[in-house]
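The values are calculated or read from the model by the stated rules, or taken from the named source; none is laboratory data. Note that the structure is a prediction, hence the values are computed from the model and not measured. Don't worry about glycine lacking a Cβ; one is built from the backbone with ideal geometry, like all the others, and counts go over all protein chains shown. SASA here: full protein model, heavy atoms, side chains in, ligands and nucleic acids out. Shrake-Rupley method; radii C 1.70, N 1.55, O 1.52, S 1.80 Å.
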Amino acid sequence: MKVFKFGGASVKSAGAVINVCDIIQREPGQLVVVISAMGSSTNLLETLVRAYYDQNERKWEIAKQFKDYHMEVIEGLFGEKGMPQGVYELFSELEHKLKTRPAYDYNFEYDQIICYGELISTRIVSDYMNAAGQANKWMDVRSSLKTNDTFRDAKVDWEWTDELVKEDFNFSDTQVYITQGFMGSTSTNMTTTLGREGSDFTAAIIGSILEAESVSIWKDVPGIMSADPKKMKDSVFISELSYKEAVEMTHSGAKVIHPKTMQPLHNKGIPLLVRSFVSPDDPGTVIHKIDHRIELPPIFILKENQVLITLSAKDFSIISINDIDRVVNFLMGKLIKVTLMQQSAIDLNIVADATDEDLEEVFGELSEHYKIRYNTGLTLVTIRHYTEEVLDWMVKEKDIYLEQHSRLTARMLIKE
């Protein structure tokens, strides 16, 4: 038994969906297929959530864009047969939701709407496969993956989820299940999400519980590269990585794998394969247990649109552990991701993923205790297995705002 995970780029069009179905058909054994929302439709749904929450009538225009995009894919797959009933019902649910008054909690409403990207995507793929003679069963993962009620960043209830996944994905009536990534539900069946780009984590959860032979993540690159080939030329293919190396990369911001993916697979000794849906015959990168040392090239990870926030106590007191605790807990409560932190005697420097709205909240809350300086539009560069030559090349003609080095990793916050 194996688990396949396909991201949004792999199902962004009718032709892309057909390609994914061909890859699935080539796998002879039992298979759980986790699929993300199509293309960049999650981004569109995020604008829909904001319009809905603000009770802005523009929500209907955005909802139409979302539906029209999927209708184009449906027409390319089903032709004159039109929209499958299951997809129609999901669009009707979303329309009904948009007619209701939003709840007070934005994060709650985010999860109740954002899930339709995955639900509709998987329904289209499942229905197309069945129509083409590829038998499969569509599963709503929310009935199996249970979480707490921390909306937008839910924590998995592993004991309950273990029981339900084994019960629901038992292969008694099918060899192939099609299900969603990124989401689960509470004990009261309210939809939750596991954090942005969390579909990889879903695949790892299911794979670990079912003790899969392997989990494969299908991307538009040959496997894991030494840098994002779209941003840096001359990146090289890496054929294998240890679990530890993969965790370090994802923690630093590498988007090829979600940061939470590795733990459940490592704990069960299940290899993770990163493969290309463009060239499905290629072996890709394998992430597994490695006891021996392997030579790796310098690995570059670029995290863009970062904000540097510098806090100094108004009374000129030294930054203490209490200051760090106060600030970090506040940011966590606002779901603001801290990507780097550095402390001096009177300054606390925090690098974060934060929008303008986030910054308004940060400044409003923390300005009572701290003087605040900040810089936006920065890039956090992480280099694993760096050399002095690589560092000199990387910082040439760039402004460096912050820098940290350890034995294997150099991190620099720069502005081009």
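Considering Leu331, Leu296, Leu265, Leu308, the condition of being in contact with a Ser or Thr (Cβ under 7 Å, 6 or more places away or on another chain), surrounded by 15 or more Cβ atoms within 10 Å (Cβ to Cβ) and not polar (S, T, N, Q) is satisfied by Leu265 alone.
A Cβ distance below 7 Å, combined with a sequence gap of six or more or placement on separate chains, defines the contacts here; from the stretch 64-86, residues that are of a type outside the set (Phe, Trp, Tyr) reach residues that are open to solvent by less than 20 Å² (accessible area, probe 1.4 Å) and not in a helix (DSSP H, G or I) in the pairs His70/Met38; Val73/Met38.
The residues listed here are Thr191, Thr174, Thr202; of these, the one that is over 13 Å from Val33 (Cα atoms) and touching a strand residue (DSSP E or B) at 6+ places or on another chain (Cβ under 9 Å) is Thr191. Which of the residues that make up the stretch 313-325 are touching a residue at least 12 places away in the same chain (Cβ under 8 Å) and open to solvent by 100 Å² or more (accessible area, probe 1.4 Å)? Passing the criteria: Lys314, Phe316, Ile318. Contact map, the stretch 109-124: first residue aliphatic (A, V, I, L, M), second residue not in a helix (DSSP H, G or I), Cβ cut-off under 7 Å, separation 6 or more or different chains; pairs are Ile114/Thr193; Leu119/Gln180.
From the list Met83, Met139, the lone residue that is over 22 Å from Phe4 (Cα atoms) and among the aliphatic types (A, V, I, L, M) is Met83. Among residues of the stretch 362-416 being of a type in the set (Phe, Trp, Tyr) and closer than 23 Å to Ser235 by Cα, the one that is modelled with the highest pLDDT is Tyr386.
Filtered by the rule that a residue be within 23 Å of Val17 (Cα to Cα) and in a loop (DSSP other than H, G, I, E, B), the stretch 268-293 gives Phe277, Val278, Ser279, Pro280, Asp281, Asp282, Pro283, Gly284.
Here's the yes/no breakdown for (1) acidic (Asp, Glu); (2) open to solvent by 20 Å² or more (accessible area, probe 1.4 Å); (3) over 21 Å from Thr179 (Cβ atoms):
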{"site": "Ser208", "(1), (2), (3)": "no, no, no"}
{"site": "Lys230", "(1), (2), (3)": "no, yes, yes"}
{"site": "Asp234", "(1), (2), (3)": "yes, yes, yes"}
{"site": "Ser252", "(1), (2), (3)": "no, no, yes"}
{"site": "Ile270", "(1), (2), (3)": "no, no, no"}
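Would you be able to say whether some residue in the stretch 259-267 is among the aliphatic types (A, V, I, L, M) and in a loop (DSSP other than H, G, I, E, B)? No, every residue in the stretch 259-267 fails to be among the aliphatic types (A, V, I, L, M) and in a loop (DSSP other than H, G, I, E, B).
In the stretch 17-62, of all residues being assigned to a helix (DSSP H, G or I), among the polar types (S, T, N, Q) and under 22 Å from the mean Cα position of the chain (by Cα), the one that is surrounded by the fewest Cβ atoms within 10 Å (Cβ to Cβ) corresponds to Asn43.
Ile336 - would you say it is crowded, with 19+ Cβ neighbours inside 10 Å and under 20 Å from His251 (Cα atoms)? The answer is yes for Ile336.
Could you please let me know if Asp200 is crowded, with 17+ Cβ neighbours inside 10 Å, in contact with a helix residue (DSSP H, G or I) (Cβ under 7 Å, 6 or more places away or on another chain), among the charged types (D, E, K, R) and more than 25 Å from Glu93 (Cβ to Cβ)?
Details: crowded, with 17+ Cβ neighbours inside 10 Å: yes; in contact with a helix residue (DSSP H, G or I) (Cβ under 7 Å, 6 or more places away or on another chain): yes; among the charged types (D, E, K, R): yes; more than 25 Å from Glu93 (Cβ to Cβ): yes.
The answer is yes for Asp200.
Collect the residues in the stretch 125-163 that are more than 28 Å from Lys12 (Cβ to Cβ) and in a helix (DSSP H, G or I), keeping them in residue-number order. Scanning the stretch 125-163 gives Trp158, Glu159, Trp160, Thr161, Asp162, Glu163. Restricting attention to the stretch 63-94 and to residues that are basic (Lys, Arg) and touching a helix residue (DSSP H, G or I) at 6+ places or on another chain (Cβ under 8 Å), the residue that is least open to solvent (accessible area, probe 1.4 Å) turns out to be Lys67. Residue check, Lys166 against (1) closer than 22 Å to Met38 by Cα; (2) in contact (Cβ under 8 Å) with a residue 12 or more places away in the chain; (3) assigned to a helix (DSSP H, G or I); (4) open to solvent by 30 Å² or more (accessible area, probe 1.4 Å), all met but one. Which one? The one condition Lys166 does not meet is (1). When the stretch 388-416 is limited to residues that are open to solvent by 60 Å² or more (accessible area, probe 1.4 Å), of a type in the set (D, E, K, R) and under 29 Å from the mean Cα position of the chain (by Cα), the one that is farthest from His251 (Cα to Cα) turns out to be Glu416.
Do we find a residue being modelled with pLDDT under 95 and over 21 Å from the mean Cα position of the chain (by Cα) anywhere in the stretch 163-171? Outline the logic, then answer.
If we filter the stretch 163-171 for residues that are modelled with pLDDT under 95, which is where we start, we get none.
Scanning the stretch 163-171 turns up no residue that is modelled with pLDDT under 95 and over 21 Å from the mean Cα position of the chain (by Cα).
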